[in-house]
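Inspection log for the structure reproduced underneath, given as structure tokens.
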Amino acid sequence: MAAGWGLPQWRASSTHAVDGAAPHAGTAERKVLYWYDPMSPTQKFDKPGKSPFMDMDLVPKYAEEDSQDGGVSVSAQTVQSLGLRTAEVVRRDIGVDVDVVGTVLLNDRDVSIVQARSAGFVERVYARAPGDVIGAGAPLADLLLPEWVAAQREFLAVRALKDESLTAAARQRLLLLGMPQALVAQVERTGEPRGIYTVTTPQGGMVAELMVRQGMTVSAGASLARVNGLATVWIEAAVPEAQSGPLQMGNEAQVRLAAFPGEVLKARIVSILPQANSDTRTVRVRLELANPGQRLKAGMSGQVALKGREQPALLVPSEAVIRTGKRALAYVVDGPGKFHPVDVQLGAEIDDQLVVQGGLEAGQQVVASAQFLIDSEASLRGVLPAQAGTSNPTSGHGEHGSAAPNTITVRGVIEEVSPTEVTLAHDAVPALKWPPMTMGFKLADPRLAAGLAPKQQVRFTFSKQGEDYVIAAIEGIKP
């Protein structure tokens, strides 16, 4: 009876043991070192659950993730839950567009100065005033020029001698005195001197200045009027110094003036002034624009879109770059769930894309969202690339670690102290992207705990050793 009862029991227990072992053999579960909050990765927990800091689940830290050299591993579950996205580094030709405000000006290259060619008197001034728009050849004033009258009489007397060589010399003298060819021909044809000469404008445009008045005496070379052509106008814009580099003379531009809403005018850069404004840090750029019908008036304003020359460049989404103020980082995808940080040198920002001048190559995949988790992991492991020209990270107060490399010195207030560990409420640590927080630190030597007490303000130096942050030096400071 005992044998009959024991045999079924043994079989049942054997079957139960085999069935119980099968799940372990089939699942081969990954080893979890600890759980942590991605927003506060320094706090470790021994079991899963909700984060005490914010409403989110704790993330497991697996052993195989901690063994990767020079990079960061993130589980597929975490990648999916965070909605992590990647983007490709692309190379394409870009033309930097600069949008600035421009003002319409008169074209100072299209200016004519009307002068008196000989001393005389103003007999009549035609109805003109500054600002009037006149055509080419429009009369300005009638001048009585006694010197011209005397020279014309001499010419007529020489011509009466019938000597061709002397006549030609006398005719040339009239031209050298400034008489127009038409006036000399008229005197020769009529045989009468012409003492009154009508001054006309050599081109059409706006009378910018009018310096002649009836009854006044003028000397040879005196300016009578200044006429500004209106066939073309300038548009002058102040371009920020940082955006002026790609601009070149001859580049096209689009102009939208407030006076003509919805209309786009074509212009081109004719001058980039060689001196920047030291107060506004801007460079003046001049554009030339045709002015048919004289619609464009000096003083009008509008938006100017300047186009720089096209050149090849590497582009990444702006959200893929972490900018701290001292450096710019991007996380390159090495494989499924594997990433490593690189320092990148940035150029201009075009819409939602950043120009990359160094650090990345075309075709690479970079993390475009949820970088906070990967960045916190990289900080914990110390895999962030070292900044050029620095040997030690800096603390929140700008102090350098005075111990070995990769050490950080920061201030804090003691919460709890024991011979092996001290809990501190410390300041922010920018080098590790830590906000001010309370956390525990291991002591490298139990003797460091001597003389320490809760509520005491201290300055301490620590470094990462394995999975722990260990204090190598600590001293009290006065409040």
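Figures for the structure shown
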read-out	value
Identity of the residue in the range 44-65, of a type in the set (Gly, Ala, Ser) and modelled with pLDDT under 80, that ends up nearest to LYS338 (Cα to Cα)	ALA63
Pairs where the first residue, in the range 413-428, is under 16 Å from ALA444 (Cβ atoms) and the second is part of a loop (DSSP other than H, G, I, E, B), C-beta under 8 Å, 6+ apart	VAL417/LEU452; VAL417/ALA453; VAL417/PRO454; VAL422/LEU452
Residues that are among the aliphatic types (A, V, I, L, M) and either outside any helix (DSSP H, G or I) or touching a Lys or Arg at 6+ places or on another chain (Cβ under 6 Å) (or both), drawn from the range 168-182	LEU177, MET179
Test: GLN203 is farther than 30 Å from ARG159 by Cβ and at pLDDT below 90	no
Failed item in (1) closer than 14 Å to ASN251 by Cβ; (2) in contact with a Ser or Thr (Cβ under 6 Å, 6 or more places away or on another chain), with LYS266 passing the rest	(2)
Residue identified as in a strand (DSSP E or B) and farther than 30 Å from TYR331 by Cβ among VAL149, VAL158, VAL122	VAL122
Any hit, the range 129-147, residues being free of Cβ contacts under 8 Å to residues at least 12 places away in the same chain and farther than 30 Å from ILE350 by Cβ	no
Number of positions in the range 98-128 that are under 30 Å from LEU265 (Cβ atoms) and among the aliphatic types (A, V, I, L, M)	8
Selected residue [part of a loop (DSSP other than H, G, I, E, B), surrounded by 13 or more Cβ atoms within 10 Å (Cβ to Cβ) and in contact (Cβ under 8 Å) with a residue 12 or more places away in the chain] from LEU315, LEU289, LEU306, LEU296	LEU296
Only one of VAL111, VAL98, VAL74 that is surrounded by 15 or more Cβ atoms within 10 Å (Cβ to Cβ) and at pLDDT 80 or above	VAL98
In the range 237-258, the residues that are in contact with a Ser or Thr (Cβ under 9 Å, 6 or more places away or on another chain) and within 18 Å of ALA298 (Cβ to Cβ)	ALA237, ALA238, LEU257, ALA258
Selection status of THR409, at pLDDT below 90 and in contact with a strand residue (DSSP E or B) (Cβ under 7 Å, 6 or more places away or on another chain)	yes
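Quick grid of which residues meet (1) modelled with pLDDT of 90 or more; (2) under 30 Å from GLY293 (Cβ atoms); (3) among the basic types (Lys, Arg):
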site: ALA136; (1), (2), (3): yes, yes, no
site: LEU144; (1), (2), (3): yes, no, no
site: ARG153; (1), (2), (3): yes, no, yes
site: LEU156; (1), (2), (3): yes, no, no
site: GLU188; (1), (2), (3): no, no, no
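The values are calculated or read from the model by the stated rules, or taken from the named source; none is laboratory data. Keep in mind the model is a prediction, meaning the values are calculated, not measured. Using ideal geometry, Cβ is built from the backbone for each residue, glycine included, and neighbour counts are taken over all protein chains shown.
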